[in-house]
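Below: the structure, in structure tokens.
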Amino acid sequence: MLIYNITYLVSHEIHEEWLSWMKTHHAPEMLSTGHFSGYTILRLKEVDETEGITYAFQFQIPYGDQLTTYNAEHAPQLRLKAEQRWGEKVMAFRTLMEIVQ
């Protein structure tokens, strides 16, 4: 199994509204694509929060080719929605990880 990790740095002024939107809209939309089997939300601790609060959303991917299909068919539209709504108040970077044990 693979983990598609998206780490977000979220401005203090919007982080509560953003987190609610992620839980009720964005993450469920990602799941509805059928390419992920579930997800976990984490808040990073013991990090500098001067610029904002850091969250990680970790989506489980049962098969490796699922991410390729998701990125081709769904990611551009979903990312655009998020960018239009939150602009520069949210920064994101993505990593793909493999569960070893």
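The values are calculated or read from the model by the stated rules, or taken from the named source; none is laboratory data. The structure presented is a predicted model; accordingly, all values stated were derived computationally and were not measured. Because the Cβ atoms are built from the backbone with ideal geometry, glycine has one as well, and the counts that use them run over all protein chains shown. Just the protein is used for accessible areas: all its heavy atoms, side chains included, with ligands, DNA and RNA removed. Shrake-Rupley method; radii C 1.70, N 1.55, O 1.52, S 1.80 Å.
How many residues are under 15 Å from the mean Cα position of the chain (by Cα) and open to solvent by 80 Å² or more (accessible area, probe 1.4 Å) if we restrict to the stretch 58-78?
Within the stretch 58-78, the first condition is being under 15 Å from the mean Cα position of the chain (by Cα), and the residues that meet it are 58-61, 67, 70-71, 74-78.
From what's left, open to solvent by 80 Å² or more (accessible area, probe 1.4 Å): 77.
Of the residues in that region, 1 qualify.
The set of residues in the stretch 7-30 being free of Cβ contacts under 8 Å to residues at least 24 places away in the same chain and either assigned to a loop (DSSP other than H, G, I, E, B) or surrounded by 12 or more Cβ atoms within 10 Å (Cβ to Cβ) (or both) consists of 17, 23, 25. Considering only residues in the stretch 82-101 that are exposed (fewer than 13 other Cβ atoms within 10 Å of the Cβ) and over 13 Å from the mean Cα position of the chain (by Cα), the one that is nearest to residue 29 (Cα to Cα) turns out to be 84. When restricted to residues that are among the small types (Gly, Ala, Ser) and under 11 Å from the mean Cα position of the chain (by Cα), the stretch 2-47 contains 1.
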